[in-house]
Amino acid sequence: MLGQSRFDIIDNVIIVDDGSDDGSREVIREIGMENQKLEYVFQENQGLPGARNTALERCTGDFVAFQDGDDIWLEHKIERQAQVIEEYPDVGLVYSDFYLFGMGDQKRVTPNRYKYSDGDILERFFLKGGPIIPSTVLVNSECLHTIGKFDPKLLRAQDTDLWLRIAEKYRFHHISDPLVM
């Protein structure tokens, strides 16, 4: 994240430590001392939706991006998504292809493609789904103020639930390049 080509347009970076005991707190604090945009938050384990909602409560930008601990953003992710926002400022969700990696190989994954010009995609998204991986997403903050955050009661598919609620009222746009590993 810190190596983004357009890190200058990122308002803040919220790192939520959801109760880990692996020493990551010390590593993150060291990095954070060098960058004023970073905020470290430790909380007792609340699970994935709880951690994401904690971060969302602290975000200040017009758009929000997610990066899970096992994902890597390619250096131009935010720049490419910002270009889409310039063209479609009212877009609800921008996402991209991604690479699966590990075990010595790398595979490109192309999710179902929804373009801004598609208009209402709720039924299509409901029937054919993603996979829209949270780390590939940039969400318009207005969506979250309108429809709410991740549902902490859901044990699985909290992201798909949120994408469905966004699709009900906002447009999506797919970038046909992998921007995340």
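One line per residue, one yes/no per condition, for (1) more than 14 Å from residue 97 (Cβ to Cβ); (2) of a type in the set (Gly, Ala, Ser); (3) in contact with a Cys (Cβ under 9 Å, 6 or more places away or on another chain); (4) open to solvent by less than 60 Å² (accessible area, probe 1.4 Å):
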| site | (1), (2), (3), (4) |
| --- | --- |
| 108 | no, no, no, no |
| 117 | yes, yes, no, no |
| 121 | yes, no, no, yes |
| 126 | yes, no, no, no |
| 140 | yes, no, no, yes |
| 145 | yes, no, no, no |
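Looking at (1) more than 24 Å from residue 54 (Cβ to Cβ); (2) free of Cβ contacts under 8 Å to residues at least 40 places away in the same chain; (3) touching a helix residue (DSSP H, G or I) at 6+ places or on another chain (Cβ under 9 Å); (4) of a type in the set (A, V, I, L, M, F, W, C), which one does residue 127 not meet, given that it meets all the others?
Status for residue 127: all satisfied but (3).
Could you please find all residues in region 101-142 being of a type in the set (Asp, Glu) and either in a helix (DSSP H, G or I) or touching a strand residue (DSSP E or B) at 6+ places or on another chain (Cβ under 6 Å) (or both)?
Start the filter on region 101-142 by keeping residues that are of a type in the set (Asp, Glu), which leaves 105, 118, 120, 123, 142.
Within region 101-142, 118, 123, 142 meet the criteria.
Looking at region 59-86, which of its residues are touching a residue at least 12 places away in the same chain (Cβ under 8 Å), of a type in the set (Asp, Glu) and either touching a Gly at 6+ places or on another chain (Cβ under 6 Å) or more than 18 Å from residue 178 (Cβ to Cβ) (or both)? Working first, answer last.
Taking region 59-86 as the starting set, the residues that turn out to be touching a residue at least 12 places away in the same chain (Cβ under 8 Å) are 59-68, 71-82, 84-85.
With the extra rule that they be of a type in the set (Asp, Glu), the set shrinks to 62, 68, 71, 75, 79.
Within region 59-86, 62, 75 meet the criteria.
So, of the residues in region 44-76 that are under 11 Å from the mean Cα position of the chain (by Cα), more than 15 Å from residue 144 (Cα to Cα) and of a type in the set (D, E, K, R), which turns out to be surrounded by the most Cβ atoms within 10 Å (Cβ to Cβ)?
Only one residue tops the list, namely 71.
Quick check, is residue 176 at pLDDT 90 or above and either of a type in the set (Gly, Ala, Ser) or part of a helix (DSSP H, G or I) (or both)? Steps first, please.
Working: at pLDDT 90 or above: yes; either of a type in the set (Gly, Ala, Ser) or part of a helix (DSSP H, G or I) (or both): yes.
Yes.
Looking at 32, 19, 61, can you tell me which residue is among the small types (Gly, Ala, Ser), modelled with pLDDT under 90 and not in a helix (DSSP H, G or I)? Don't jump to the end; show me each part of the working.
Values: 32 fails: not in a helix (DSSP H, G or I); 61 fails: modelled with pLDDT under 90.
From the options 32, 19, 61, the qualifying one is 19.
The values are calculated or read from the model by the stated rules, or taken from the named source; none is laboratory data. In this text the structure is predicted, and so the values were computed from the model without any measurement. Note that each Cβ is placed from the backbone with ideal geometry, even for glycine, and that neighbours are counted across all protein chains shown. Quick note on the areas: whole protein, heavy atoms, side chains included, nothing else; ligands and nucleic acids left out. Shrake-Rupley method; radii C 1.70, N 1.55, O 1.52, S 1.80 Å.
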